[in-house]
Amino acid sequence: MTHHVLIDRRWHSKLLDLLSFRGSDCDTGHCLMVAKVRERLEINKQGAQKSGVERFNLKMLSEQENRNHIRMRFQKGLQLWRT
């Protein structure tokens with residue numbers, strides 16, 4: 001029995017394997033088809049350009065006064081969350 005799969009042109013080179021399961025028939029003459037597809041992901045080019053940007057100001061934590069202030073705010077937030 002010949003099986004055909006209709007896929008988009010951009011996916012045709014990514015199709016690796018095709019399996020048919022004849023036992024899952026629904027009295028329609030059709031059978032279940034499972035395809036193995038290879039997908040490649042690429043790095044977001046916009047994110048790669050922003051690699052020099054600091055997400056967190058770690059220099060601020062080096063100062064003792066700022067460190068204590070942040071610790072107190074964090075502990076207050078935890079107490080509110082627990083109640």
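The values are calculated or read from the model by the stated rules, or taken from the named source; none is laboratory data. These numbers were taken from a predicted model, which means no experiment stands behind them. For neighbour counting, all protein chains shown are included, and Cβ atoms are generated from backbone atoms with ideal geometry for every residue, glycine included.
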*Selection count where residues are assigned to a helix (DSSP H, G or I) and at pLDDT below 75, scope region 1-31*: 2
*asked:* For region 32-64, which positions are in a helix (DSSP H, G or I) and at pLDDT below 85?
replied: K45, Q46, G47, A48, Q49, M60, L61, S62
*What pairs can you find where one residue is in region 68-80 and closer than 16 Å to L58 by Cα, the other is surrounded by 10 or more Cβ atoms within 10 Å (Cβ to Cβ), and their Cβ atoms are less than 9 Å apart, with a gap of 6+ or different chains?*
I70/M60; I70/L61
